[in-house]
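Below is one structure. I have some questions about it.
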Amino acid sequence: MKIAVLAGDGIGPEVTREAVRVLEALRLPGLVLFEGDVGGMAYKRHGHPLPAETLEMVRGCDAILFGAVGDPDCDGLERHLRPEQAILGLRKELGLFANLRPAKLFKGLEDASALRPEVASAIDLLIVRELNGDVYFGEKGIRTLADGRRQGWDTMSYAEDEVRRIAHVGFRAAKGRRGKLCSVDKANVLETSQLWRDVVIEVAKDYPEVELSHMYVDNAAMQLVRNPGQFDVIVTGNLFGDILSDQASMCVGSIGLLASASLSEGTMGLYEPIHGSAPDIAGRGLANPLATILSAAMLLRHSLHLEDEATRIETAVAKALADGVRGGDLGGTLGTTAIGDAVLERL
Ligand code: IPM
Ligand code: MG
């Protein structure tokens with residue numbers, strides 16, 4: 001069981017360290033961890049945010065535990081050299097098209113949510129975000145128009161097979177949960193979304209047991225704060241999924257709590273917190289490592305099929321939160337290592 005650990009930038013190394021401590025505490029026979037450089041730190045060391053040696057190393061592994069990338073020092077670089085290209089490159093190169101972002105309110109966090117406790121306590125949803133297409137990977141540029149004005153442009157597109165494969169992931173996930181799938185699009189305006197909707201309806205024929213609904217993304221954003229308990233599984237494109245998952249995180253209390261799994265058609269998976277590198281608090285031991293620890297649990301479940309061990313980690317995290325373990329993001333005072341310690345004790 002070979003795991004590539006790519007800690008990256010900002011708070012990435014701090015939060016990843018805690019997740020690695022948790023993995024090591026399980027004493028899994030045959031587990032080997034390899035470290036690699038990604039993001040702004042990789043650019044500084046190797047001149048590229050996703051160096052060839054990192055890509056080669058991860059290809060030899062079964063799964064990747066990823067921290068975060070993003071570094072304000074790199075804002076002036078050409079886009080293909082910016083830290084974010086590391087994560088986008090890995091998603092594309094490894095065919096990681098299916099991003100699972102679960103959001104559930106932990107017991108004890110009712111008051112931490114940005115929503116009223118009775119609204120927040122009903123949250124138990126899964127965002128299935130497409131990760132290999134959309135406006136993220138379309139042609140783009142900044143050009144000068146005939147009259148001299150500069151124009152930025154990006155192209156949004158989805159081919160039907162891209163929609164079909166993520167729709168299947170959404171339906172299968174719904175089947176294993178409460179049987180409800182909500183497809184989120186902007187079909188009232190975008191042709192890309194019209195095709196998305198048509199294809200999702202076609203795929204629905206294979207899943208008569210799943211109740212399918214459609215929602216425009218603006219309405220979905222509203223419903224997510226009005227009545228998030230109505231959602232079971234949400235399936236959506238890359239851009240809408242990016243936005244809605246950040247929103248969902250504050251509905252359950254903090255962006256420091258949301259884990260994610262990025263899966264391919266094969267066995268390779270990448271596991272990362274949904275948050276970024278948070279340069280403002282980096283290196284100060286203030287970041288909440290729980291999202292990364294929960295991502296390690298998803299890694300055990302989805303890539304190594306160690307369901308019991310995954311549940312053990314999730315239970316330890318839930319216990320810690322129920323016992324009042326809180327970092328600054330949740331109104332508490334504990335630092336990164338202390339939160340890691342609290343999970344390890346309960347493990
Ligand atoms: C995420 C992040 C990334 C994205 C960034 C870092 C490129 O926001 O994983 O949600 O936009 O996908
Ligand atoms: Mg995001």
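What follows is calculated from the coordinates using simple rules that are stated; it is not laboratory data. This one's a predicted model, so the numbers in the text were calculated from it and none came from an experiment. Ideal geometry is used to build each Cβ from the backbone, glycine not excepted, and the neighbour counts take in all protein chains shown.
Along the charge dipole of the chain, Cβ charges K/R +1 and D/E -1, which of 30, 70, 338 sits furthest on the positive end?
Most positive-ward Cα: 338.
While we're on this one: Rounded, prolate or oblate for segment 114-251? Axes are the square roots of the Cα gyration tensor eigenvalues, ordered a ≥ b ≥ c, and the cut-off for rounded is a/c under 1.5.
oblate
Here is a further query. To the nearest 20 debye, what charge dipole does the chain have about its Cα centre, counting +1 at the Cβ of each Lys and Arg and -1 at the Cβ of each Asp and Glu?
That gives the chain a dipole magnitude of about 320 debye.
Where in segment 106-127 is the amide nitrogen less than 14 Å from a point lying 7 Å along the Cα-to-Cβ axis of residue 322?
Residues 106-110 qualify, since their backbone N sits under 14 Å from the label point.
Additional query: Once phi is turned into θ = phi - 60°, what whole-Hz ³J(HN,Hα) does the Karplus curve with 6.51, -1.76 and 1.60 give for every residue of segment 258-270, x standing for Gly and Pro?
Couplings: 8, 9, 8, 10, 10, 10, 10, 6, x, 9, 5, x, 10 Hz.
Residue 92: which lysines have alpha carbons under 17 Å from its alpha carbon, excluding same-chain residues fewer than 8 sequence positions away?
Output for residue 92: 140.
Also, quick follow-up: Where the centre of each part is set by its Cα atoms, how far does segment 277-332 sit from segment 43-70, in angstrom?
Centre-to-centre (Cα) distance: 22 Å.
Then there's this: Ranked highest first by the average count of other Cβ atoms within 10 Å around their residues, in what order do 230-243, 131-144 fall?
The peptides rank, most packed first, as 230-243, 131-144.
Straight-line reach from residue 205: which lysines have Cα under 17 Å away, leaving out those fewer than 8 places along the same chain?
Of all the lysines, those that pass the test against residue 205 - Cα under 17 Å, at least 8 places apart if same chain - are 175, 180.
Right, something else. With the cut-off at 1.5 for a/c, could you classify the chain from its C-alpha gyration tensor as rounded, prolate or oblate?
It is rounded, given that a/c, with a ≥ b ≥ c, falls under 1.5.
Could you list which residues have their amide H under 5 Å from that of residue 234, counting only those 5 or more apart in sequence or on another chain, with H placed in the peptide plane?
Answer set, sorted by chain and number: 126, 127, 128, 182.
Once you charge only the Cβ atoms, +1 for Lys and Arg and -1 for Asp and Glu, what is the size of the charge dipole of segment 114-251 about its Cα centre, to the nearest 20 debye?
Using only the charged Cβ atoms, the result is roughly 260 debye.
Starting from the amide H of residue 216, placed 1.01 Å from N in the peptide plane, find each other amide H under 5 Å away whose residue is 5 or more places distant or on another chain.
Amide H to amide H, under 5 Å and 5 or more residues apart or across chains, residue 216 pairs with 185.
Right, next: Check residue 332: other-chain or 5+ apart residues with amide H under 5 Å from its amide H, H built from backbone geometry?
327
On to the next question. Which of the GluC sites (Glu not before Pro) found in segment 69-117 are in a DSSP loop and have at most 13 neighbouring Cβ atoms, other than their own, within 10 Å?
78
Which FRET efficiency value, to the nearest 0.05, is calculated for residue 144 and residue 52 with the Förster distance at 41 angstrom and r the Cβ-Cβ distance?
Once the sixth-power term is evaluated, E becomes 0.75.
Follow-up. What order do you get for 47-54, 328-335 when each peptide is scored by the mean count of other beta carbon atoms within 10 Å, highest first?
47-54, 328-335
Which one of 239, 144, 223 has its Cα pushed farthest toward the positive end of the charge dipole of segment 114-251, where Lys and Arg give +1 and Asp and Glu give -1 at the Cβ?
223
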